[in-house]
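Worksheet: one structure, shown below.
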Amino acid sequence: MRKEVTVVGAGSWGTALASVLAENGHQVTLWVRDPKLADEVNSKHTNAKYLPEAKLAESIVATTDIQAAVSDKPIVLLAVPSHAMRQICRQLAPFLHKDVLLIHATKGFELESLKRMSEVIMEEIPPEISGKLAVLSGPSHAEEVVRRQPTTVVVASEAEESMLRAQDLLMNANFRVYTNHDLIGAEIAGALKNIIALGAGMSDGLGFGDNAKAALLTRGLAEISRLGIKLGALPLTFSGLAGVGDLIVTCTSRHSRNWRAGFMLGQGKKLDDALEQMGMVVEGVRTTHAAHALAQREQVEMPITSVLYGILFEGKEPRQGVEELMGRGKTFEMGYLNPDGSIEA
Ligand SMILES: NC(=O)C1=CN([C@@H]2O[C@H](COP(=O)(O)OP(=O)(O)OC[C@H]3O[C@@H](n4cnc5c(N)ncnc54)[C@H](O)[C@@H]3O)[C@@H](O)[C@H]2O)C=CC1
Ligand SMILES: O=C(CO)COP(=O)(O)O
């Protein structure tokens, strides 16, 4: 059935999701921050800055008016960078319908509070709405989604009905949507994999090969699972689409903003120059900062995150970081297993 849906955020991901929704026959409003981009979407049906090759559905209507965009809409999907989430929620909260289905597709933490995106949203939105929140995560580069290439994602919510509604809304022949009850795990896995993707890009930029990449993915998964489980995620979520699925795509795809930024760092570029050249959000940088602080707070060992923190924020040379990782003391591979085989809580 045709639904009215508003997508908030017209970067590459918001634009790609708006395309999926329009393709599914829904009436899509796209909230855009920049008036020039709103004009471009409405007149040329393109988004040249964020998704250069995409031809968007003519039915997508862009607006810069947040009140008009979300007022009384039955479904609102948030796809803004993590640093903008609280401010955006504060702006739109007064206009939301009390029965709105809210979905967010953002992968990051709030740096100042170290909170997950759903925790930030819940603080800004009335509880009757935020209690039904769903998160969209999984291996899904916008560039491939708009080309209608086969993609699988996961929607997670503690509210069964929200999860199923979000699945119905987004699913189509090229975009397969799974459900999961572990909202915390889907958010944490989706955010933390960006740290490892920066590392994987750096490894490629340094000229290392497949062995190093496999090591980073595997040991990266071990440490992000360790922190995630400590923060309340279910262990199995890390072996699903939001976990290993997204880790693989982000660490190996040339589309990944995190991989590309890491690659430039590995080749010797300074962080600020790499970010400027990217011109798009590289969530892994702020997430490395947040995860480093969370690991200290929760007393969780995260060697790759710790080395990346040193490289990004303390001037450590990438090659020195590699030496440190390879030179660590001898350890048992399954360090998070208790002696009885159960997973450490
Ligand atoms: N690009 C992708 O393929 C995917 C991205 N994501 C996630 O989606 C989120 C958004 O990422 P992208 O669309 O890739 O980013 P992007 O860099 O393509 O676009 C960011 C958008 O946010 C807007 N923006 C920046 N600061 C803002 C602020 N303070 N207030 C309001 N709007 C602001 C920009 O104008 C732009 O429209 C991120 O958390 C990312 O991890 C998730 C899955 C896939
Ligand atoms: O989360 C993503 C793919 O699933 C997007 O990753 P990047 O932000 O690194 O492009």
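Somewhere in the stretch 96-105, is a residue under 21 Å from Leu231 (Cβ atoms) and in contact with a strand residue (DSSP E or B) (Cβ under 6 Å, 6 or more places away or on another chain)?
Within the stretch 96-105 (the criterion being under 21 Å from Leu231 (Cβ atoms) and in contact with a strand residue (DSSP E or B) (Cβ under 6 Å, 6 or more places away or on another chain)), the answer is yes, since at least one residue qualifies.
Kindly provide the set of residues from the stretch 298-345 that are modelled with pLDDT under 95 and among the β-branched types (Val, Ile, Thr), ordered by number.
Thr331, Ile343
Is there a residue in the stretch 68-77 that is surrounded by 16 or more Cβ atoms within 10 Å (Cβ to Cβ), within 16 Å of ligand 2 (Cβ to nearest atom) and among the hydrophobic types (A, V, I, L, M, F, W, C)?
yes
Within the stretch 225-243, take every residue that is within 16 Å of ligand 1 (Cβ to nearest atom) and open to solvent by 10 Å² or more (accessible area, probe 1.4 Å) and give me the one that is farthest from Thr152 (Cα to Cα).
Among those residues, the one meeting the criterion is Gly240.
Does Lys115 satisfy being touching a Phe, Trp or Tyr at 6+ places or on another chain (Cβ under 8 Å), without any contact (Cβ under 8 Å) to a residue 40 or more places away in the chain and surrounded by fewer than 22 Cβ atoms within 10 Å (Cβ to Cβ)?
So Lys115 fits the description; yes.
Could you give every pair whose Cβ atoms fall below 8 Å, whose first residue belongs to the stretch 261-281 and is closer than 13 Å to Gly205 by Cβ, and whose second residue is within 16 Å of ligand 1 (Cβ to nearest atom) and open to solvent by 50 Å² or more (accessible area, probe 1.4 Å), counting only separations of at least 6 or pairs across chains?
As it stands, the answer is Ala261/Leu275; Met264/Gln277; Lys269/Gln277, since those pairs meet every condition given.
Under the condition of being within 10 Å of ligand 1 (Cβ to nearest atom) and in contact (Cβ under 8 Å) with a residue 12 or more places away in the chain, which residue from the stretch 87-108 is surrounded by the fewest Cβ atoms within 10 Å (Cβ to Cβ)?
Residue satisfying both the conditions and the ranking: Gln91.
Could you please find all residues in the stretch 47-64 being surrounded by fewer than 19 Cβ atoms within 10 Å (Cβ to Cβ) and away from ligand 1 (no atom under 14 Å from the Cβ)?
Lys55, Ala57, Glu58, Ser59, Val61 - these are the residues of the stretch 47-64 that are surrounded by fewer than 19 Cβ atoms within 10 Å (Cβ to Cβ) and away from ligand 1 (no atom under 14 Å from the Cβ).
Please indicate, with yes or no, whether at least one residue in the stretch 124-143 is under 21 Å from the mean Cα position of the chain (by Cα), farther than 24 Å from Ala22 by Cβ and within 15 Å of ligand 1 (Cβ to nearest atom).
yes
How many of the residues making up the stretch 252-289 are open to solvent by less than 50 Å² (accessible area, probe 1.4 Å), in contact with a Ser or Thr (Cβ under 9 Å, 6 or more places away or on another chain) and hydrophobic (A, V, I, L, M, F, W, C)?
Of the residues in the stretch 252-289, 2 are open to solvent by less than 50 Å² (accessible area, probe 1.4 Å), in contact with a Ser or Thr (Cβ under 9 Å, 6 or more places away or on another chain) and hydrophobic (A, V, I, L, M, F, W, C).
Does Asn174 satisfy the criteria of being away from ligand 2 (no atom under 15 Å from the Cβ), open to solvent by 40 Å² or more (accessible area, probe 1.4 Å), polar (S, T, N, Q) and over 20 Å from Ala142 (Cβ atoms)?
Against the criterion (away from ligand 2 (no atom under 15 Å from the Cβ), open to solvent by 40 Å² or more (accessible area, probe 1.4 Å), polar (S, T, N, Q) and over 20 Å from Ala142 (Cβ atoms)), Asn174 does not qualify.
Only one of (1) β-branched (Val, Ile, Thr); (2) without any contact (Cβ under 8 Å) to a residue 60 or more places away in the chain; (3) open to solvent by 70 Å² or more (accessible area, probe 1.4 Å) fails for Ile248. Which number is that?
If we test Ile248 against (1) β-branched (Val, Ile, Thr); (2) without any contact (Cβ under 8 Å) to a residue 60 or more places away in the chain; (3) open to solvent by 70 Å² or more (accessible area, probe 1.4 Å), just (2) comes out false.
Could you check, for the stretch 92-100, whether at least one of its residues is within 24 Å of the chain's Cα centre (by Cα), more than 16 Å from ligand 2 (Cβ to nearest atom) and under 20 Å from Val155 (Cβ atoms)?
yes
Need a quick list: helices (runs of 4 or more DSSP H) entirely within the stretch 112-208 having at least 1 residues that are within 27 Å of Gln91 (Cβ to Cβ) and in contact with a His (Cβ under 6 Å, 6 or more places away or on another chain).
Because the criterion is at least 1 residues that are within 27 Å of Gln91 (Cβ to Cβ) and in contact with a His (Cβ under 6 Å, 6 or more places away or on another chain), the helices (runs of 4 or more DSSP H) in the stretch 112-208 that meet it are 117-124.
Are there any pairs with C-beta distances below 6 angstrom linking a residue in the stretch 119-143 that is more than 19 Å from Thr179 (Cβ to Cβ) and open to solvent by 20 Å² or more (accessible area, probe 1.4 Å) to a residue that is in a loop (DSSP other than H, G, I, E, B) and basic (Lys, Arg), with the two at least 6 apart or on different chains, and if so which?
These pairs meet every condition: Glu128/Lys98.
Out of all the residues in the stretch 10-23, which are within 14 Å of ligand 2 (Cβ to nearest atom), closer than 17 Å to Thr63 by Cβ and open to solvent by less than 10 Å² (accessible area, probe 1.4 Å)?
Residues satisfying the conditions are Gly14, Thr15, Leu17.
The values are calculated or read from the model by the stated rules, or taken from the named source; none is laboratory data. Quick caveat, the model's predicted, so the values are computed rather than measured. Virtual Cβ from ideal backbone geometry, glycine too; neighbours counted across all protein chains shown. Remember, those area values only see protein heavy atoms, side chains included, never the ligands or the DNA or RNA. Shrake-Rupley method; radii C 1.70, N 1.55, O 1.52, S 1.80 Å.
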